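What follows is calculated from the coordinates using simple rules that are stated; it is not laboratory data. It should be emphasised that the depicted structure is a prediction, and the values quoted were computed from it without experimental measurement. With ideal geometry, Cβ positions are generated from the backbone for all residues, glycine too; neighbour counts draw on all protein chains shown.
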Amino acid sequence: MTGAEPFDIAVIGAGMAGSSLAAECAPHARVLLIEAEDTPGYHTTGRSAAFWEEAYGGPSVYPLTAASGRFLREGGFLAPRGAMTIGGAADRARIEGLVEQFTALGVDIRLLGRAGIAQRVPGLKPAWQWGTWLPNCSDIDVGALHAHYLALGRQAGTIVRVRARVEALEQHGADWRIAWVGGAARAPLVVNAAGAWADSVAELAGAAPLGIRPLRRTIAQLRVVPAPPADLPLTFGVDGDFYFKPQAGRLWVSPHDETPDVARDVAPEEFDVALAIDRIGQVADWTVEAVERRWAGLRSFAPDRLPVYGFDSRREGFFWFAGQGGFGIQTAPAAARLGAQLLLGRPRDAMTERLDAACYSPARFGP
Ligand SMILES: Cc1cc2nc3c(=O)[nH]c(=O)nc-3n(C[C@H](O)[C@H](O)[C@H](O)COP(=O)(O)OP(=O)(O)OC[C@H]3O[C@@H](n4cnc5c(N)ncnc54)[C@H](O)[C@@H]3O)c2cc1C
């Protein structure tokens, strides 16, 4: 393989997933991190709502979120926010059910009545009567976390190639040949951290796609009157039809859309922005004065909505690190540590010892 630089591991995709995994592997292996765009983080990683919320993603994602918390807190990546899921009088049993379910897992989650939720969301309409309260929910400094992992990787020798969309993956003996326009490398291990493109990268490698589907999600930044208080909690509707949080005197609102899409540089649809404005109008007495920004990103899910970490059952040396859905930032530290341990055959440590890797393995989809 002339002209193909040798590495131990080639990681495809330099979003949060690929960058964090590369950084965890770099002290132990010669790592190449390959990114199609000019800038790592251009796609889903750069478009998140930036929160760490223990109940988000459900009970099987919770261990990854919880295991990441200490690293994020001690690294200075979190700022207190608090979260609520609110509902009407008829939703009391569902909200109590959430409190029970996540209390049993060890989450600090409490039941709030009307007074508790109205105190936290000024102008809350009377129909909203019950809520959960998660005091530990935090904002994440996504840019700082991503930059941290990129820097850590580079310090340990990771080579980062941008503007390098991998177009061919071929096995030659023990090595993969990884080719992009203008370059090539070889490595015995290839990591598929390509986000919304994960299934198509698998197809390049001759591996069976796992059905990882990109679903579009929209956020609108609204100027509202009165301005949201800085300590407004991240607030979800119990029907899963909106969430909002404050951002420097503005409101970030999502209609919680999950529209099937294709891997691309996705843009928001006017309909979804209008939906966000309509939903916020049903929650509180705020006047929307302007839509200042809007964006959309692709959240990529495996069929069971759990992430996929592990070796492909058929293609030797091909490792999945995909399907991070709507929780790929808040789970990144523990996911990357676990991913590196599985990839390199290294022992578990304090961060990962309680994680059940089998529940995230691609083997769960069959051979
Ligand atoms: C609106 C929205 C809000 C969200 N809010 C949160 C939140 O509050 N908290 C949270 O934890 N998560 C949140 N998420 C989810 C989180 O952003 C994702 O789980 C995470 O960013 C996924 O990271 P990734 O590296 O897998 O994907 P990406 O960031 O998309 O990275 C994949 C990279 O692979 C590259 N690539 C693809 N194909 C190739 C190829 N052939 N060759 C080279 N490179 C390639 C792409 O260019 C891309 O840069 C949110 C997502 C959205 C859309």
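Neighbours of Leu210 by Cβ distance under 14 Å: Lys/Arg scored +1, Asp/Glu scored -1, total +1. Can you give me the distance in nm between label points at Arg364 and Val181, each placed 7 Å from the Cα along the Cα-to-Cβ direction? If labels sit at Arg364 and Val181, their model points lie 3.8 nm apart. Counting neighbouring beta carbons within 10 Å and listing from fewest to most, the residues Val288, Val162 come out as Val162, Val288. Distance from the C-alpha centroid of the range 280-301 to that of the range 239-254: 6 Å, rounded to the whole angstrom.
Note on the range 316-367 and the range 5-24: Cα centroid distance 14 Å, given to the nearest whole angstrom. Normalising the Debye intensity of the chain to I(0), with uniform scatterers on Cα atoms only, and taking log10 at q = 0.09, 0.10, 0.12 Å⁻¹ returns -0.51, -0.62, -0.87. On the beta carbon distance between Arg114 and Asp239, with R0 = 30 Å, the FRET formula returns roughly 0.95.
What's the FRET efficiency of Asp349 with Glu5 using the Cβ-Cβ distance as r and R₀ = 35 Å, to the nearest 0.05?
Taking R0 as 35 Å, the efficiency between Asp349 and Glu5 is 0.70.
Helical runs assigned H by DSSP (4 residues or longer) give the chain a calculated mean residue ellipticity at 222 nm of -7500 deg cm²/dmol, each run adding -39500 (n - 2.57) before division by the residue total. If R0 equals 51 Å, the separation of the Cβ atoms of Ala93 and Gln171 corresponds to a calculated FRET efficiency of about 0.40. As a rough footprinting exposure proxy, the listed residues Ser68, Ser200, Ser19 were ranked by other beta carbons within 10 Å of their own, and the order from fewest upward is Ser200, Ser68, Ser19. Each Lys or Arg adds one and each Asp or Glu subtracts one; over the other residues with Cβ under 15 Å from the Cβ of Glu353, this totals +3.
Take Cys25, Cys359 and order them by how many other Cβ atoms sit within 10 Å, fewest up front.
Sorted ascending by nearby Cβ count, the order is Cys359, Cys25.
Under the simplified labelling scheme, the Glu270-Trp295 pair shows an inter-label distance of 2.3 nm, with each label point 7 Å from Cα along Cα→Cβ.
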